[in-house]
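Student: Quick one: this structure, given as structure tokens, is what I'll be asking you about.
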């Protein structure tokens with residue numbers, strides 16, 4: 001966007017920014033909480049009720065992906081594509097964590113952990129693209 005956004009474009013941009021940022025914050029908080037389940041796996045893994053609860057929480061990460069807007073205003077197009085890719089990778093890792101915990105499957109747990117490690121780089125790319133969009137908007 002080379003010219004100054006119109007009032008309607010700014011309304012669309014603001015309508016995108018607030019809920020998207022909120023969903024990102026909620027998902028990162030859920031990820032931090034999920035790390036706590038992994039720390040308890042040896043201690044509580046024998047309890048089927050605990051495993052079911054933990055698995056449900058990990059599967060719940062997909063709801064953040066599903067709640068993200070399908071499209072973004074033009075200034076956020078690149079960032080949005082990267083946010084969607086990051087959230088999809090987190091959801092996929094969450095599904096694998098859920099299955100691994102439910103079934104006490106060490107190999108799948110290692111796979112989920114590898115997938116989760118890859119989400120860090122995806123988050124950085126999404127953050128950088130969002131920061132660039134904000135810089136462009138502020139300079140227009």
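Student: Go through segment 90-121 and give me each residue that's crowded, with 16+ Cβ neighbours inside 10 Å and under 12 Å from the mean Cα position of the chain (by Cα). Give the steps one after another, and end with the answer.
Tutor: Within segment 90-121, the first condition is being crowded, with 16+ Cβ neighbours inside 10 Å, and the residues that meet it are 90-102, 108-109, 111-112, 115-116, 119.
Within segment 90-121, 90, 91, 92, 93, 94, 116, 119 meet the criteria.
Student: Residue 131: outside any helix (DSSP H, G or I) and within 23 Å of residue 5 (Cα to Cα), yes or no? Lay out the reasoning, then the answer.
Tutor: Numbers: outside any helix (DSSP H, G or I): no; within 23 Å of residue 5 (Cα to Cα): yes.
So residue 131 does not fit the description; no.
Student: Residues 87, 81: which one is within 13 Å of the chain's Cα centre (by Cα), modelled with pLDDT of 95 or more, buried (at least 20 other Cβ atoms within 10 Å of the Cβ) and over 20 Å from residue 53 (Cα atoms)? Please lay out each step first, then the result.
Tutor: Details: 81 fails: buried (at least 20 other Cβ atoms within 10 Å of the Cβ).
Criteria check complete, one pass: 87.
Student: Can you say whether residue 130 is touching a residue at least 40 places away in the same chain (Cβ under 8 Å) and within 15 Å of the chain's Cα centre (by Cα), as far as the supplied structure shows?
Tutor: Details: touching a residue at least 40 places away in the same chain (Cβ under 8 Å): yes; within 15 Å of the chain's Cα centre (by Cα): yes.
Spelling it out, residue 130 is indeed touching a residue at least 40 places away in the same chain (Cβ under 8 Å) and within 15 Å of the chain's Cα centre (by Cα).
Student: A further question on this structure: Could you check segment 34-50 and list, in sequence order, the residues that are within 22 Å of the chain's Cα centre (by Cα) and either surrounded by 14 or more Cβ atoms within 10 Å (Cβ to Cβ) or not in a helix (DSSP H, G or I) (or both)?
Tutor: Taking segment 34-50 first, the residues within 22 Å of the chain's Cα centre (by Cα) are 34-39.
Result: 34, 37, 38.
Student: Here is a check on your reading of the model: is residue 100 assigned to a helix (DSSP H, G or I) and under 30 Å from residue 138 (Cβ atoms)? Give the derivation first.
Tutor: Numbers: assigned to a helix (DSSP H, G or I): yes; under 30 Å from residue 138 (Cβ atoms): no.
No: the conditions fail for residue 100.
Student: Are any residues in segment 4-16 surrounded by 12 or more Cβ atoms within 10 Å (Cβ to Cβ) and either in contact with a strand residue (DSSP E or B) (Cβ under 8 Å, 6 or more places away or on another chain) or touching a residue at least 12 places away in the same chain (Cβ under 8 Å) (or both), and if so, which ones? Walk me through it before giving the result.
Tutor: Filtering segment 4-16 for residues surrounded by 12 or more Cβ atoms within 10 Å (Cβ to Cβ) gives 5, 9-13, 15-16.
Answer for segment 4-16, where residues must be surrounded by 12 or more Cβ atoms within 10 Å (Cβ to Cβ) and either in contact with a strand residue (DSSP E or B) (Cβ under 8 Å, 6 or more places away or on another chain) or touching a residue at least 12 places away in the same chain (Cβ under 8 Å) (or both): 5, 9, 12, 13, 16.
Student: Related question: Output the number of residues of segment 58-74 satisfying the condition of being within 21 Å of residue 29 (Cβ to Cβ), in contact (Cβ under 8 Å) with a residue 40 or more places away in the chain and part of a helix (DSSP H, G or I). Let's see the steps before the verdict.
Tutor: Quick first cut of segment 58-74, residues within 21 Å of residue 29 (Cβ to Cβ) only: 58-69.
Filter once more, so that each one left must be in contact (Cβ under 8 Å) with a residue 40 or more places away in the chain: 58, 64, 67-69.
Those still in the list that are part of a helix (DSSP H, G or I) too: 58, 64, 67.
Number of matching residues: 3.
Student: Any idea which of (1) surrounded by 13 or more Cβ atoms within 10 Å (Cβ to Cβ); (2) within 28 Å of residue 5 (Cβ to Cβ); (3) under 14 Å from the mean Cα position of the chain (by Cα) is the one residue 75 doesn't satisfy?
Tutor: (3)
The values are calculated or read from the model by the stated rules, or taken from the named source; none is laboratory data. Because the structure is a prediction, the values reported are computed rather than measured. Here Cβ is always computed from backbone atoms with ideal geometry, including for glycine, and neighbour counts include all displayed protein chains.
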